[in-house]
Amino acid sequence: MVRSMFAGVAGLRTHQSKLDVIGNNIANVNTWGYKAGSANFMDSLYTNTTNSTGGNAATVGGLGGINASQVGYGVQMSSISRDFSKSTPYSTGRELDVMIEGTGFLIVSTSPGAANNTPLNVTDDLKNADRGLKLSRVGILAVDNEGYLVDNNGNYIYGYAPDDPTQGDTGFNETQIGRIQIPANGQDLYRLQNYKIMSDGTVVGFTTDTEQKITLGKIALADVQNVNGLQSDSGYYYNMGDNSGTCMAAQSNGILGTFLSSYLEMPNVDLAKEFSEMITTQRGYQANTKVITVTDEMLQELVNMKR
């Protein structure tokens, strides 16, 4: 009889954890690039009241087989999975806002200092590079005071350097990636006033005096073998986990995605689904409290026998 108490308590804890996931989804209903999570349940430990035995029909007087009789101890959380499907675009009107139309991720670096600006080989597994690299689906970009292309948290955007910045899209160094920066004109950086991001990730700017077109670089995309193995970090970033598989840098293509300038990706939270999940979770929580209440009443009756 006490087992039902344990099962009810396990149900309360697990449904509370599911409600935590639902609450986080609803809280991020207006967070750019947010990927909704879902809680998955599994039944908990079992104990055998009767063990299974095999039949012995070949022996005279032998008995048939017996199935095991098991009593469970409730439920537990098996996993929390994320839905990495692409959401709808939202027009922001900012030319340096960019959305990825595909499965790729922006590669950002949180490590300061020139010593960490050594380019990376595109064949390197990015998760093994000790450079503070993270992945992101949110392209709220800007140019800082040193001419680096950064996101709205000041993290550097990684990409390919142009072969000749002043001659348009003449080619890029496709073997290495590094921080994208406005190239130098003599001893100074080009003074640029307008920027544009092409569909292939090429970032160009125009000088203030002659409106000369300067190519800053080409944004790289990360190709993650197992996106569900990524670990979420605060600020819409992802860390590359042990189960994410290989993570390589690549250029824009039809699979990893193309870039949609002046747009950001909306969250893929389905409010109707979240509220319906909330209702079923609440009912499940209430049902488990009823199991605990009834078990308590039965125990009280047992105690009252000795009066």
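Things to note:
- With R₀ set to 25 Å, the beta-carbon distance separating M278 from D233 gives a calculated FRET efficiency near 0.45.
- Per-selection Kirkwood Rh - segment 1-41 (Cα, Å, 1 d.p.): 11.8 Å
- Against the empirical 2.2 N^0.38 Å (N residues), segment 149-307 has a Cα radius of gyration ratio of 1.83.
- Largest first, the extents of the alpha carbon coordinates of the chain on the three principal axes equal 98, 50, 33 Å.
- Applying 1/(1 + (r/R0)^6) with r as the Cβ-Cβ distance of D296 and T110 and R0 = 35 angstrom yields a FRET efficiency of 0.10.
- The portion of the accessible surface of the chain made up by carbon and sulfur, rounded to a whole percent, is 50 (1.4 Å probe; DNA, RNA and ligands excluded).
- FRET efficiency, 1/(1 + (r/R0)^6) with R0 25 Å, evaluated for F84 and I26 via beta carbons: 0.85
- One quarter of the convex hull surface built on the alpha carbon atoms of segment 158-233 amounts to 6.8 nm², the projected area averaged over directions.
- Above-threshold pairs, the threshold being 26 Å between Cα atoms, out of K86/K218; K35/K134; K127/K273; K134/K218; K18/K127; K127/K196: K127/K273; K18/K127; K127/K196
- Distance between the 7 Å Cα→Cβ label points at D43 and V2: 2.3 nm.
- A simple charge model with +1 on the Cβ of Lys and Arg, -1 on the Cβ of Asp and Glu and nothing else charged puts the dipole of the chain at about 1380 debye relative to its Cα centre.
- Translational diffusion of segment 210-282, µm² s⁻¹ [Kirkwood Rh, Cα pairs; Stokes-Einstein; 4 °C; 1.567 mPa s]: 80 µm²/s
The values are calculated or read from the model by the stated rules, or taken from the named source; none is laboratory data. All of these numbers come straight from a predicted model, not from anything done at the bench. Virtual Cβ from ideal backbone geometry, glycine too; neighbours counted across all protein chains shown. The accessibility values were calculated without ligands, DNA or RNA, using every heavy atom of the protein model including side chains. Shrake-Rupley method; radii C 1.70, N 1.55, O 1.52, S 1.80 Å.
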